[in-house]
1. Please determine, by comparing only the residues of region 66-91 that are charged (D, E, K, R) and either farther than 24 Å from Gly37 by Cβ or surrounded by fewer than 10 Cβ atoms within 10 Å (Cβ to Cβ) (or both), which one is farthest from the chain's Cα centre (by Cα).
2. Give me the pairs, please: first residue somewhere in region 40-63 and under 17 Å from Leu21 (Cβ atoms), second residue anywhere and at pLDDT below 95 and loosely packed, with under 10 Cβ neighbours inside 10 Å, beta-carbon distance under 9 Å, and either six or more positions apart or on two chains.
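The values are calculated or read from the model by the stated rules, or taken from the named source; none is laboratory data. Everything numeric in this text was worked out from a predicted model, so none of it was measured. Heads up, the Cβs are rebuilt from the backbone with ideal geometry, glycines too, and the neighbour counts pull from every protein chain shown.
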Amino acid sequence: MSKTKSDHESLAADRDLYSGLIRLHVLHHAAEQPIFGLGMIEELARHGYRISPGSLYPLLHGLEKKGYLRSRQQRNGRSLRTLYRATALGRRALEASRIKVRELFRELMEGE
């Protein structure tokens, strides 16, 4: 069954809502241990987020540009892999976000 234009618009709107959650998810994992693009794509997929490299890498670069992540290159066989870690600023932002997410979660679940 093919998707209609409204289905595609709905998916785009959903993706808009989820983009902040995806950023928080990435930051959470980068605070725990070094992450890399393909590993994060797989991790996000386990949680139901389908994100392409063409979307994830700009997201990672944006988080790095804002100072939330720091990257370094690591040799992986014959290729280089870029690893990302949360910075002190990223960890503080993540902690502030936890408070906001907890508050939102409580409000969302009150109606259930």
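1. Arg78
2. Ile41/Ser52
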